[in-house]
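Taken together, the values in this text are just the output of simple stated rules run on the coordinates, not laboratory data. In this text, all values refer to a predicted model and were calculated from it rather than measured experimentally. Heads up, the Cβs are rebuilt from the backbone with ideal geometry, glycines too, and the neighbour counts pull from every protein chain shown.
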Amino acid sequence: MSHTPDDRNYTDSNESGISSALERAGDLTGEPPSNEATNTKTASKMANLLEGLQFPATKDDIKNHINRKSPAMGNRINDVFEAVQNNLEDGVRYNSAYDIEIAAGLVEKND
């Protein structure tokens, strides 16, 4: 049985993701970006999958949350799961989705 999440960001491409009307908050304010996604598609998927995760969270907490949230997506989240598995450190507690995406190498801070 398939389940489609009620999360509007997860199901409505106009609200978030690569094809959304706005790519980032700075598009509204005119400010330059303070960070840049190294892989926009995977970073967007990860952000959606991390919604609802309680912080701080460990690598195991993150993997368990992604597994619970992703059954309808099947193997389409392999890139996200691989980024978590290969880049996050065991025993570290991450305080936000942004911290996770930085650690996973999906977002770089601009100086």
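Taken over region 93-109, residues that are small (Gly, Ala, Ser) and buried (at least 23 other Cβ atoms within 10 Å of the Cβ) amount to 1. Checking each residue in region 88-110 for being among the aliphatic types (A, V, I, L, M) and over 17 Å from Gln54 (Cβ atoms) picks out Ile102, Ala103, Ala104, Leu106, Val107.
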